[in-house]
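Remarks on the structure that follows.
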Amino acid sequence: MVVRAKQDFVDRFEGAIREIGFGAFNARQAAVLVFDANRYSDTEAEAAALLDARERTRAARFQFPSDRTTYTVAHAAWRVVIGFCLGMPAKKVPLSFTPEGQPRLYGYALSTSLSHSRSMVAIAVCTAETIGVDIEAVPLKVNLQELMPTFCTPQEMTAIGELPSYDHAHELLRLWTRKEALLKAFGVGLLTDPAKTPAPCHEMLWPPEGCGHYPACHVRNIETGELWLGALATPGVVNDMVLHTL
């Protein structure tokens, strides 16, 4: 029964992304998939069979069942998406991670990134050297204005302060997602102080000290007017994005 149910999850998710045309991107494009993990909560047990031992251990540590469900479905779907792009079964996807947590597909010309917030999930792929994606469900559970000194450069704090007060929260969230996506693309995530890494839109930005082997990247926000906001960071060769939602 478990093997059959697992295949049902793969067939269901792969069928959904095939129906919306996911995977049809060229060398200058990144493909981004956004979906609500709650749509697949009924297949959590079967989705868990696609996770590796490290992922299953982490999933078991979540205090709240909803967080465990999102994590499990997101990581299982990630493997389905990669397998779909590479033309291989999800269970055989050679997904590994650097010591800093950067996902790697050694031997394949595909880069990928995953993010989830509450039940929202974002998966990004491209054929360039690296990619970073971030998604945040809104409204946030934290007050970013109180956290500004921890993730904004002095210039960014000044720029936000010059905006009308009613724009502060939205612009801070846009900035936060850009920082997360950019630092993921540079392979360090929040191991590097975000307050020392500026993240303006659409400018070529060099990686922080110690990440010199990564290419310069640019970062853009992903906004649809729905209850989430995201950002995507890619090398300069990738100048277009194809967004798919389920």
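The values are calculated or read from the model by the stated rules, or taken from the named source; none is laboratory data. Computed from a predicted model, the values in this text were never measured in an experiment. Here the Cβ is made from the backbone with ideal geometry for all residues, glycine too, and neighbour counts use every protein chain on show. We work out accessible area using only protein heavy atoms, side chains counted, and drop any ligands, DNA or RNA first. Shrake-Rupley method; radii C 1.70, N 1.55, O 1.52, S 1.80 Å.
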Q. For residue 242, which sequence-distant residues (separation of 5 or more, or a different chain) have an amide H within less than 5 Å of its own amide H, given hydrogens modelled in the peptide plane?
A. 30, 31, 32
Q: Over the chain, give the accessible area per residue in Å² for a 1.4 Å probe, as an integer.
A: 48 Å²
Q. Over the Cα atoms of the stretch 11-70, Rg to Rh with Kirkwood Rh, two decimal places?
A. 1.05
**Q.** Tail beyond 19 Å, pair distance distribution of the stretch 1-141 (Cα, percent)
**A.** 49 percent
Q | Reachable lysines, given that their alpha-carbon falls under 27 Å from the alpha-carbon of residue 141 and they are not under 8 places away in the same chain | A | 179, 184, 196
Q. In whole angstrom, and with the biggest value first, how far do the Cα coordinates of the stretch 166-227 range along each principal axis?
A. 38, 19, 18
Q. If you average 1/r over all unlike Cα pairs in the chain and invert the result, what Kirkwood radius do you get in angstrom?
A. 18.5 Å
Q | Share of carbon and sulfur in the accessible heavy-atom surface of the chain [1.4 Å probe, %] | A | 54 percent
Q) Out of the stretch 192-235, which GluC sites (Glu not before Pro) are coil in DSSP terms and have no more than 13 other C-beta atoms within 10 Å? A) 203, 209, 226
Q: Straight distance only, please: which aspartates and glutamates reach the Cα of residue 92 with their own Cα at less than 14 Å, same-chain residues fewer than 8 apart left out?
A: 52
